[in-house]
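A quick write-up on the structure given underneath.
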Amino acid sequence: MHLSRRTFLTASAALIAVPKRALAAPFVLRAEPVTAQILPPGDGTTQMLGFNGSTPGPELRFQQGDTVDLRFENTIGEGSAIHWHGIRIDNAMDGVPYLTQPLVEDGKGFDYRFALPDAGTYWYHSHNRSWEQVARGLYGPLIVEERNPPEVDHDITVMVDDWRIERSGEVIKDFGNRHDFSHAGRLGTFAKVIPSVRTVRRGDRVRLRLINVATARVFPLEISGIAGKIVALDGMSLAETQEIQAIMLAPAQRMDIIADVSDMIKFAFPTRQEPYEMGEIAVEGENPNPRGDDIANLPNARIARPAAEPTKLLNLTLQGGAMGGQHEGDDIWSLNGVSGLQDAPWQRFALGETVRIRITNDTAFPHGIHLHGHHFHEVAPDGSLGPFRDTTLLHRQQTRDIICVFDNPGRWLLHCHMLGHQARGMKTWVKVG
Ligand code: C2O
Ligand code: CU
């Protein structure tokens, strides 16, 4: 494994000569308080949580087939645990306190060791009191490179987030207030993108790995200065590349774009008035040998077509919240009238079972529903198999079917990734195998 260039440059020169695999001696990922420059340079700083001195935490970058071997150390003053979002992971390493591992108390650690079967764009984040710990900065990118990656001049991770902070930079400490929990969640007062590369050349080919790490906000995004294709969603390559238009990312969703740079790359959040500027990647100089070739499908697409017809059709109805969400659950939100984790799973599946789940959003808010340990196909309105995702966005009153092959044994969460909704009832679990 190696760290991002940014982090790597601060490592000692001696380390640079060490072959990648020799670095495996447990790498420590330490959760700790950090001071972050979230507002523009020169404006106030923000007291956050982070990993190894920064939020986002260090970019963990591996190759497909590698094994992650690291020690998590918790020094944030309360319990935590790390979830490796989107990885087809060994259940014991999934990082869900009480379901897959004990809570890691303050001052304690946990060893995470797991294989990376699939290339793609993933992320890691706290999975304890996540509506607050993730909002306070406990997340970072986890990139798994293809063994034969497409050639690009820059492979750029772009974290997309918002923060609820004062103009001074100080965090507004109203975490977990009832209004947020029962409405759209903790929406920020300030939003920006955090790209891992600050400058490119005109004519460069770039890969942008967008990751929405916000706890609640669905980001529509407009990206100017590039022409190219969407090549992957939630880490999984698309069977056919798609045109870049009307980008919409729910919390936890990812999108990979490969594109050629024609001008400064600008990220904007469209609003009814002026678009809100989210940041940019500057252009300096000219690539003397721009690539002329077409942008092809990503290699190594995981073959994930369900082999069998679904054995079951299940209904999952999202209920609750403010503005008339009636339901039987005993908290603000529910799934099929049940709030929160019960002792028994919502469903038990035989290992390898193919299941169709009809998700109906019977609330006044959008929800991004995430299944741990698996990807599933969204079923398109015409009945065809759509993208292979781990988080699916349902707008208010929308219904969507997904088809999942439950081929990873264990106890897996299924929850809303609007993390305040998850905290107040919109979660359940399934047992596979
Ligand atoms: Cu990214 Cu259960 O979460
Ligand atoms: Cu939700």
- Message: So VAL405 passes all but one of these: (1) in contact with a strand residue (DSSP E or B) (Cβ under 7 Å, 6 or more places away or on another chain); (2) open to solvent by 20 Å² or more (accessible area, probe 1.4 Å); (3) in a loop (DSSP other than H, G, I, E, B); (4) more than 14 Å from ligand 2 (Cβ to nearest atom). Which condition number does it fail?
- Response: (3)
- Task: Answer yes if at least one residue in segment 38-52 is in contact with a Phe, Trp or Tyr (Cβ under 7 Å, 6 or more places away or on another chain), modelled with pLDDT of 95 or more and within 21 Å of LEU103 (Cβ to Cβ), and no otherwise.
- Result: no
- Meets criteria (in contact with a helix residue (DSSP H, G or I) (Cβ under 8 Å, 6 or more places away or on another chain) and either buried (at least 19 other Cβ atoms within 10 Å of the Cβ) or in a helix (DSSP H, G or I) (or both)) for TRP84: yes
- Item | So ARG207, is it over 30 Å from GLY321 (Cα atoms), free of Cβ contacts under 8 Å to residues at least 60 places away in the same chain and surrounded by fewer than 17 Cβ atoms within 10 Å (Cβ to Cβ) | no
- Query: Of the residues that sit in segment 307-364 and are of a type in the set (Phe, Trp, Tyr) and open to solvent by less than 40 Å² (accessible area, probe 1.4 Å), which one is nearest to GLY433 (Cα to Cα)?
  - Reply: PHE349
- Query: Which of the residues spanning segment 227-258 are in contact (Cβ under 8 Å) with a residue 24 or more places away in the chain and either of a type in the set (Ser, Thr, Tyr) or open to solvent by 30 Å² or more (accessible area, probe 1.4 Å) (or both)?
  - Reply: ALA227, LYS229, SER237, ALA239, GLU240, THR241, ALA246, MET248
- Residue count, segment 413-427 (criterion: over 16 Å from ASN177 (Cβ atoms) and of a type in the set (D, E, K, R)): 1
- Given the conditions (1) free of Cβ contacts under 8 Å to residues at least 40 places away in the same chain; (2) more than 30 Å from ARG178 (Cβ to Cβ), report the number of the one that VAL261 does not fulfil. (1)
- Could you tell me whether segment 98-115 includes any residue that is more than 16 Å from ligand 2 (Cβ to nearest atom), of a type outside the set (D, E, K, R), assigned to a loop (DSSP other than H, G, I, E, B) and open to solvent by less than 10 Å² (accessible area, probe 1.4 Å)? no
- Starting from segment 410-430, take each residue that is within 12 Å of LEU316 (Cα to Cα) and list its partners that are assigned to a helix (DSSP H, G or I) and more than 8 Å from ligand 1 (Cβ to nearest atom), counting only C-beta distances under 9 angstrom and pairs at least six apart or across chains. HIS415/HIS421; LYS427/HIS421
- Query: In the list SER334, SER384, which residue meets the criterion of being at pLDDT 95 or above, away from ligand 1 (no atom under 16 Å from the Cβ) and among the small types (Gly, Ala, Ser)?
  - Reply: SER334
- Task: Answer yes or no as to whether ASP362 is charged (D, E, K, R), farther than 25 Å from PRO102 by Cβ, touching a Leu at 6+ places or on another chain (Cβ under 7 Å) and within 13 Å of ligand 2 (Cβ to nearest atom).
- Result: yes
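The values are calculated or read from the model by the stated rules, or taken from the named source; none is laboratory data. Everything numeric in this text was worked out from a predicted model, so none of it was measured. Heads up, the Cβs are rebuilt from the backbone with ideal geometry, glycines too, and the neighbour counts pull from every protein chain shown. Please note that ligands, DNA and RNA were not included when accessible areas were found on the heavy atoms of the full protein model with its side chains. Shrake-Rupley method; radii C 1.70, N 1.55, O 1.52, S 1.80 Å.
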